[in-house]
Amino acid sequence: MRRGKRRNLLTPSTFSLLHAVDFADRFIYQILPPLRAGMIVLADRYVYTAFARDVARGVHPDWVRGVYRFAPRPDLTFFFRVPIEVSLERLLAGRAKLKYYEAGMDLGLSTDLVESFRLFQGRVLEIFDLRVIEASHDIAGQQKIVRRMTGEILREYDHQRAHNGHGNRASAR
Amino acid sequence: MATEPPHAKRWHGHGLPYLDEKPLPGHLIVIEGTDGVGRSTQVELLRGWLELEGYAVSNTGWTRSPLLSATIADAKAGHQLTPITFSLLYAADFADRLEHEILPALQAGFVVIADRYMYTAFVRNAVMGADPDWTHEVFGMALIPDLVLYLEIDVDTLVPRVVRGKGMDYWESGMHLALSSDIFDSFQNYQRRVIAEYDRLAREFGFITIDARESINKIQTELRAHVSEYLRRAQSGPHPEGDAPSRPKT
């Protein structure tokens, strides 16, 4: 994938499918086995990232959802929402300039990187069955809400079964 | 569909919505058939003949995209692939060739000969046990070809051809499916399943079936007859200049 990105050769479809390959590989080797073992998997991003990103790039929404149909719906999904200005500020503070693909420059939306990012992220607001957390609020407050919702979901969770395994957590990103 | 010209283009599913709708006056001809059946020989002969007939010809083959051919070869060498990652890599290779080779050539009025097409993925995925509905969804970006010529063979005729040719390889013998630890048994078992699935698709998608047990020349003569007949009908249709592919209603 790095090879294609470096040469800016990817079309919206090949970009989408290569990310799907990467996701499928992690899903099969890192997410599915711990789930089968009764463990809790924390995924930093899931299929929804692809749905939003790839549809914003122009592929058909039903197509990209179909591509990811092998992945089950999570028991709980949080969507950390930030106003676009905040997300842009955070990204720009971290590095000199936005990466070409992150800003959707290959879509030819705008020749100005920052303006292009603004347009691109603005389209990434298609929300599914996600719990929205306002990520511009303080971290402790956000964490409190996340823990409460997670606790509700895990009320029936069998700790004993997971402890009998080789640990009770797995994370995937 | 009786009102459509014989070469009206359609997408298999949702197509590529981000592309401008452009007429595709070219012709997409697919040659399908299992490993070792003689597809590449026939494609080369067909190409030479069509060029002499005055057509601009472009050909494309499975896993030959500049973007992915090396990646797929690496992944196969590592044996890390599952049916899902395998299918998605094939789909990415296919999409790359579709957008960079097939559609531009069709726009320019070329005859495109595809050595294998999406049906190869349908067959392999079905044999690997991937959900067939999922495979169709993934290949929803594909353009439906104008003509599919299927080289049909039976396993007993295929085996000596492959043994005399390049030999039995790991993947073509279906060793990844662990059907048998013996490569010869596995090859027979796997290819029997592949051929059965091709035969099923031939009925479902209306392939033109050619008996591949015949000689190279006899097969080529038959292929040319079908291609000539198709081109004659396509060029006498109501829109010989071609139309943009139609999209499904959503």
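Any read-out appearing in this document is the output of simple, stated calculations on the displayed coordinates, not a laboratory observation. Note that the structure is a prediction, hence the values are computed from the model and not measured. Positions of Cβ are generated from backbone atoms using ideal geometry, with glycine treated the same way; all protein chains shown enter the neighbour counts.
Averaging 1/r over each pair of different alpha-carbon atoms in the range B:98-161 and inverting the result gives 14.0 Å, the Kirkwood hydrodynamic radius.
Please give the helix B:216-235 orientation as an angle from the longest Cα principal axis of chain B, in degrees from 0 to 90, rounded to the nearest 10. So the helix axis and the longest Cα principal axis differ by about 30 degrees.
For A:Ile153, project a label point 7 Å along Cα to C-beta. Then give me every residue of the range A:64-78 with its amide nitrogen under 20 Å of that point. Once the point is set 7 Å along Cα→Cβ of A:Ile153, A:68-78 turn out to lie under 20 Å by backbone N, inside the range A:64-78. Considering the range B:86-126 at the alpha-carbon level, its Rg and Dmax are found to be 11.4, 35 Å. Amide H to amide H distances under 5 Å link B:Leu143 with B:His12, where only residues 5 or more positions off or on other chains count and H is placed in the peptide plane. Nearest 10 degrees is fine. How inclined is helix B:39-52 to the longest principal axis of chain B, computing both from alpha carbons? Tilt relative to chain B: about 20 degrees. Look at the alpha carbon pairs under 8 Å that are at least 6 residues apart: their mean separation over the length of chain B gives a relative contact order of 36 percent.
For the pair B:Gln107 and A:Asp44, what calculated FRET efficiency results from E = 1/(1 + (r/R0)^6), where r is the Cβ-Cβ distance and R0 = 41 Å, to the nearest 0.05? Efficiency for this residue pair is about 0.45. Taking every pair of alpha-carbon atoms in the range B:35-116, give the share separated by more than 22 Å as a whole percent. Summing the P(r) of the range B:35-116 above 22 Å gives 36 percent of all pairs. Across the range B:1-145, Cα-Cα pairs farther apart than 26 Å form 26% of the total. Computed from the alpha carbon positions, the gyration tensor of chain B leads to an equivalent ellipsoid with semi-axes of 30, 22, 16 Å, biggest first.
This model, with +1 at the C-beta of Lys and Arg and -1 at the C-beta of Asp and Glu, gives chain B a dipole about its Cα centre of some 160 debye.
Kirkwood radius for the range B:104-250, taken over all pairs of different Cα atoms as the inverse mean of 1/r, rounds to 17.7 Å.
How much FRET efficiency would the formula 1/(1 + (r/R0)^6) give for B:Arg213 and B:Ala244, where r is the Cβ-Cβ distance and R0 is 41 Å, rounded to 0.05? Once the sixth-power term is evaluated, E becomes 0.55.
The long axis of helix B:69-78 is offset from the longest Cα principal axis of chain B by roughly 20 degrees.
Cβ-Cβ distance of A:Phe80 and B:Asp133, R₀ of 25 Å, FRET efficiency by 1/(1 + (r/R0)^6): the value works out to about 0.15.
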